[in-house]
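Asks: I am attaching a structure below and will ask some questions about it afterwards.
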Amino acid sequence: MAFIDENSALITEKEGGLQLVNLHNGQKIEIQGLPTDVDNRNRSSIGDNSGLFAVKLDPDFSQNRWIYLSYAARDPNGLGTTTKVIRARLNQHRLQSIEPLFTALPYSKDRYHYGGGMVFGSDDKLYFTVGERLFTEADQPAMPIAQDYLERRGKIYRINRDGSIPEDNPKISKNAVPGIYAVGIRAAQGLTVNPMTNEIWFSEHGTHQGDEINRLISGANYGWPIHTSGKYRHAQYQPPSLKDRRFTSPAWSWKQTVAPTGLTFYTGSEFPEWHGDLFVAGLSRGSLWRIRTADGDIANMEQLFINAPIRLRNVKQSPKGAIYLLTDEANGRLMKLQPTTEDNH
């Protein structure tokens, strides 16, 4: 979700469209004019991850009306789907002047691990994630997708708002895909900026365990599938050694499956005791984690709502400091957290 103001937000749906939601009364208006290649209506299985992913407002949205969308794009020739990033102008309740910014070719019949997380950094550059798209390591080529600099999948990118490549991007290798900012990514979904340090943090899905929280570092290699704290789905998989590469360890990895999705640093005043904490939503067992950081490291964490778990797709802070949650269920919900009082606990 992307807040237009305290009372309205744009919300993407996996199996629906882009909704403009009135946060005061719950009224929804579906935005018209989505790209014709959006694959969001035909589900192949329960594990199908296709659909709309992230929505972001341009840093100068109030003047230029640009919004940015990531989604599962359908190949017109039936070759499958892939992760795509576009921008478009929001005119009333319709998208206009659509501009494709990035398409993570090739198309694939697999319908999971798209990535699609997006955030604008403090530098006003757009950062976004692209997953490697494989379900099992048995399908890895000799050079793993996330380690192949010529492959668009399994990476985090940094681009200018018009899709061009910043001159100060890291030099990954001579022939690397333009825009690559970091490699070794399996299925990262969430990106957020720590407004107190301007660092970008991201969540990463492991296989059996191995879910991670990472700080995004220019040119870093996060290791997948060579270096992981989890187990492979294909137990017999033996990755290449790639001894010439250095891997960046996560800031945190869970010993249980969390399936972390969206995340945000809280800087509001409605929950003063949580100021500066990182909140991470999770799909597995419906978890919401409150994480305290210190000097860029994880100091401690607390799991919330353990008695009433709900699969969560995202956690967001409104402009005035309210905390909203998006659920992942057949009839998805937008929920707002309320401070506990002696009369309401």
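The values are calculated or read from the model by the stated rules, or taken from the named source; none is laboratory data. The shown structure was predicted, so the numbers you read here are calculated from the model rather than taken from an experiment. Counting neighbours? That spans all protein chains shown, and the Cβs are built from the backbone with ideal geometry, glycine included. Side chains included, ligands, DNA and RNA excluded: accessible areas come from the protein's heavy atoms. Shrake-Rupley method; radii C 1.70, N 1.55, O 1.52, S 1.80 Å.
Asks: Would you kindly derive the ³J(HN,Hα) couplings of the stretch 23-38 from the backbone phi angles with the Karplus curve 6.51 cos²θ - 1.76 cosθ + 1.60 (θ = phi - 60°), listing them in order in whole Hz, with x for Gly and Pro?
Replies: My calculation for the stretch 23-38 gives 6, 8, 10, x, 5, 10, 10, 7, 6, 8, x, 4, x, 6, 9, 5 Hz in order.
Asks: Under a 5 Å amide H to amide H cut-off, with H placed in plane at 1.01 Å, what residues pair with SER8 once short-range neighbours are removed?
Replies: Hits under the 5 Å cutoff: LEU23.
Asks: Next up: With just the Cα atoms defining each centre, how far is the stretch 264-279 from the stretch 189-243? Give it in Å.
Replies: If you average the Cα positions of each part, the centres end up 25 Å apart.
Asks: What are the ³J(HN,Hα) couplings of the stretch 130-145, residue after residue, when phi is run through the Karplus curve with 6.51, -1.76, 1.60 and θ = phi - 60°? Round to Hz, x for glycine and proline.
Replies: These are the phi-based 3J(HN,Hα) values: 10, x, 7, 6, 9, 8, 10, 5, 4, 9, 5, x, 4, 9, x, 3 Hz.
Asks: Another one. What accessible surface, in Å², does a 1.4 Å probe find on GLU270, ignoring ligands, DNA and RNA and rounding to the nearest 10?
Replies: 60 Å²
Asks: Is the chain best put as rounded, prolate or oblate by its Cα gyration tensor, with a ≥ b ≥ c the root eigenvalues, rounded for a/c under 1.5, and otherwise prolate when a/b is larger than b/c, oblate when not?
Replies: rounded
Asks: Also, I was wondering about something else. Can you give me the % of accessible surface on the chain that is carbon or sulfur? Probe 1.4 Å, all protein chains present, nothing else counted.
Replies: That fraction is 46 percent.
Asks: Translational D (Stokes-Einstein, µm²/s) of the stretch 63-125 at 25 °C and 0.890 mPa s when Rh comes from the Kirkwood sum over C-alpha pairs?
Replies: 187 µm²/s
Asks: Can you tell me the length gained on complete extension of the stretch ASP123 to LEU79, counting 0.36 nm per residue apart and subtracting the Cα distance?
Replies: Computed gain between ASP123 and LEU79 is 12.2 nm.
Asks: I'd like to know which of ASN214, GLY179, TYR149 lies farthest towards the positive end of the charge dipole of the stretch 127-221, counting +1 on Cβ of Lys and Arg and -1 on Cβ of Asp and Glu.
Replies: Result: GLY179, furthest along the dipole toward the positive end.
Asks: Please give, to one decimal in nm, the separation of the simple spin-label points placed at SER8 and ILE29, each 7 Å out from Cα toward the Cβ.
Replies: 0.6 nm
Asks: List every residue whose amide H lies under 5 Å from the amide H of ARG313, counting only residues 5 or more places away in sequence or on a different chain, with H placed 1.01 Å from N in the peptide plane.
Replies: Here the answer is LEU326, THR327, ASP328, since their amide H atoms fall under 5 Å of that of ARG313.
Asks: Shifting gears a bit: Please work out how much accessible surface TYR237 shows to a 1.4 Å probe, ignoring ligands, DNA and RNA, in Å² rounded to 10.
Replies: Rounded to the nearest 10, the figure is 30 Å².
Asks: A further question follows. Which FRET efficiency, nearest 0.05, do ILE306 and LYS174 yield, Cβ-Cβ r, R0 45 Å? Mind dumping the intermediate values first?
Replies: Working: r = 50 Å, r/R0 = 1.11.
The formula returns an efficiency of 0.35 here.
Asks: In the stretch 21-120, which trypsin sites (Lys or Arg not before Pro) fall in coil by DSSP and have 13 or fewer other Cβ atoms within 10 Å?
Replies: On the way: sites: LYS28, ARG41, ARG43, LYS56, ARG65, ARG74, LYS84, ARG87, ARG89, ARG94, LYS109, ARG111; in loops: ARG41, ARG43, ARG65, LYS109, ARG111.
Answer by residue number: ARG41, LYS109.
Asks: Same structure again: Quick check: with the 1.4 Å probe, what order do LEU79, LEU105 take by accessible area, largest first?
Replies: LEU79, LEU105
Asks: Checking the a/c ratio against 1.5 first, then a/b against b/c, what shape does the Cα gyration tensor give for the stretch 148-209?
Replies: oblate
Asks: Which shape class applies to the stretch 160-274: rounded if a/c is under 1.5, otherwise prolate when a/b exceeds b/c and oblate if not, where a ≥ b ≥ c are the square roots of the Cα gyration tensor eigenvalues?
Replies: oblate
Asks: Shifting gears a bit: How far apart, in nm, are the 7 Å Cα→Cβ label points at TYR237 and LEU150?
Replies: Result: 2.2 nm between the two label points.
Asks: Also, quick follow-up: Taking the Cα centre of the chain as origin, work out the dipole magnitude from +1 charges on Lys and Arg Cβ and -1 charges on Asp and Glu Cβ, in debye rounded to 20. Could the numbers behind the result be given before it?
Replies: Working: 39 positive and 38 negative charges, 161 e Å.
Taking the Cα centre of the chain as origin, the dipole is about 780 debye.
Asks: Let me check I've understood the local charge: for ASP60, count other residues with C-beta under 15 angstrom from its C-beta, Lys and Arg +1, Asp and Glu -1. What total comes out? Before the final figure, lay out each step's value.
Replies: Numbers: positive: LYS56, ARG65, ARG87, ARG89, LYS125, ARG161; negative: ASP58, ASP123, ASP124, ASP162.
Taking every other residue near ASP60 into account, the sum is +2.
Asks: If you take every residue apart from ILE86 with its C-beta less than 13 Å away from the C-beta of ILE86, what net charge results, scoring Lys and Arg +1 and Asp and Glu -1? Write down the numbers at each step before the final one.
Replies: On the way: positive: LYS56, LYS84, ARG87, ARG89, ARG161; negative: ASP37, ASP58, GLU99, ASP162.
Net charge in that neighbourhood comes out at +1.
Asks: Could you sort out which of LYS125/LYS336; LYS231/LYS316; LYS14/LYS56 sit more than 21 Å apart by Cα distance in this structure? Intermediate values should be presented prior to the final figure.
Replies: Details: LYS125/LYS336 29 Å; LYS231/LYS316 31 Å; LYS14/LYS56 16 Å.
Long pairs (Cα-Cα over 21 Å): LYS125/LYS336; LYS231/LYS316.
Asks: For ALA251, what charge total do you get from the other residues with a beta carbon under 13 Å from its beta carbon, if Lys and Arg give +1 and Asp and Glu give -1?
Replies: -4
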